[in-house]
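Chemist: Submitted below is the structure of interest, expressed as structure tokens.
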Amino acid sequence: MNMAEAKQRLMELAEGGFHTLEYEIKDHGKGNVSQECTVYLPKHGHFKAAHWENALAQLEAAMDGKAAISEDLPISTADELPI
């Protein structure tokens, strides 16, 4: 899934409301590179993963009645994978 596809899916989940997505590349030096995809919806929180599909799956699980996180709690994370 590319960023444009992730944006479209997040917009659908937000039902036209406020939402954010972020993509970050971290270079730890000596060829050790990781990526982090973050999606956010108010009342559900931020979800981070190495790939858009995983970040969106975490968000969708929270929206499907599993415990939604509070904005006061730490951001959920997933293992970082190299690009």
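Chemist: Name the pairs: first residue in segment 1-25 and touching a residue at least 12 places away in the same chain (Cβ under 8 Å), second residue among the acidic types (Asp, Glu), Cβ to Cβ under 6 Å, at least 6 apart or on different chains?
Modeler: MET1/GLU53; GLU24/GLU36
Chemist: Sort out which residues of segment 10-60 are more than 10 Å from the chain's Cα centre (by Cα), modelled with pLDDT of 95 or more and surrounded by 18 or more Cβ atoms within 10 Å (Cβ to Cβ), and write them in order of number.
Modeler: Within segment 10-60, HIS19 is the sole residue that qualifies.
The values are calculated or read from the model by the stated rules, or taken from the named source; none is laboratory data. Note that the structure is a prediction, hence the values are computed from the model and not measured. In this analysis, Cβ positions are derived from the backbone assuming ideal geometry, glycine residues included, and neighbour counts consider all displayed protein chains.
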